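The values are calculated or read from the model by the stated rules, or taken from the named source; none is laboratory data. Please read all numbers here as calculations on a predicted model, not as lab measurements. FYI the Cβ positions are ideal-geometry reconstructions off the backbone, even for glycines, and counts take in every protein chain you see.
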Amino acid sequence: MNAAMNRAWGTQGLGTRLRHVLELLEGDVAKFEEDLGLEDYRPRFTPVVRALVAEGPLSIRDLAEAMAVTHSAASQTVAQMAKRGLVALEAGVDARQRIVSLTPKTRALTPVLESEWAAASEAAGQLEAELPYPLTDLLTAIVEALDRKPFRDRIAETPSARGLT
């Protein structure tokens, strides 16, 4: 990293840094997927496809739980995938419930996707080997710490936040 980038990082918050790392990782995964001819596929679709491969058709609520994201995030991703013909939506038992399933198009892509996932996992392992500590362990620790005490509470307890509320 050059000196200018080091100075810029000094002014950036945790969220900005996390988003930047995610942009770098997802951007390169997307480029690799394009190299494989998967122009219509996005890295953010992978958790949906993996959950549906493992579990079969799921409601959006169950899919969100399997992906560890909000219902809204799962619904938005599913909508993008449906527009591309990667998933199909059907009404569930309850008219408000929607069941998501893979389309034949996506099932046909699954062998290539599974190979890409394996390659990305190997690359992540290589990246972690270069780091002073495993990134997955650190991210797990962050989630556990935030489960114990949400960031909102942590912000509210700071001296800077006193008098704001």
task = Mind listing whichever residues of the stretch 8-58 are part of a helix (DSSP H, G or I) and among the acidic types (Asp, Glu)?
result = GLU23, GLU26, ASP28, GLU33, GLU34, ASP35, GLU55
query = Looking only at residues in the stretch 90-108 that are within 17 Å of ALA51 (Cβ to Cβ) and of a type in the set (Gly, Ala, Ser), which one is modelled with the highest pLDDT?
reply = SER101
inquiry  = For the stretch 112-164, which positions are in contact with a helix residue (DSSP H, G or I) (Cβ under 7 Å, 6 or more places away or on another chain) and either outside any helix (DSSP H, G or I) or basic (Lys, Arg) (or both)?
reply    = PRO134
note = Going through the stretch 24-60 in order, the residues found to be of a type in the set (D, E, K, R) and more than 15 Å from VAL87 (Cβ to Cβ) are GLU26, ASP28, LYS31, GLU33, GLU34, ASP35, GLU39
inquiry  = Within the stretch 109-165, take every residue that is β-branched (Val, Ile, Thr) and closer than 30 Å to ASP40 by Cα and give me the one that is modelled with the lowest pLDDT.
reply    = THR136
SER75 vs. criteria of a type in the set (Ser, Thr, Tyr), touching an Asp or Glu at 6+ places or on another chain (Cβ under 9 Å) and either surrounded by 13 or more Cβ atoms within 10 Å (Cβ to Cβ) or touching a residue at least 12 places away in the same chain (Cβ under 8 Å) (or both) = no
query = Under 6 Å by Cβ, and 6 or more places apart or on different chains, what pairs join a residue from the stretch 81-110 that is on the phi < 0 side of the Ramachandran plot and loosely packed, with under 14 Cβ neighbours inside 10 Å with one that is of a type in the set (A, V, I, L, M, F, W, C) and not in a strand (DSSP E or B)?
reply = none
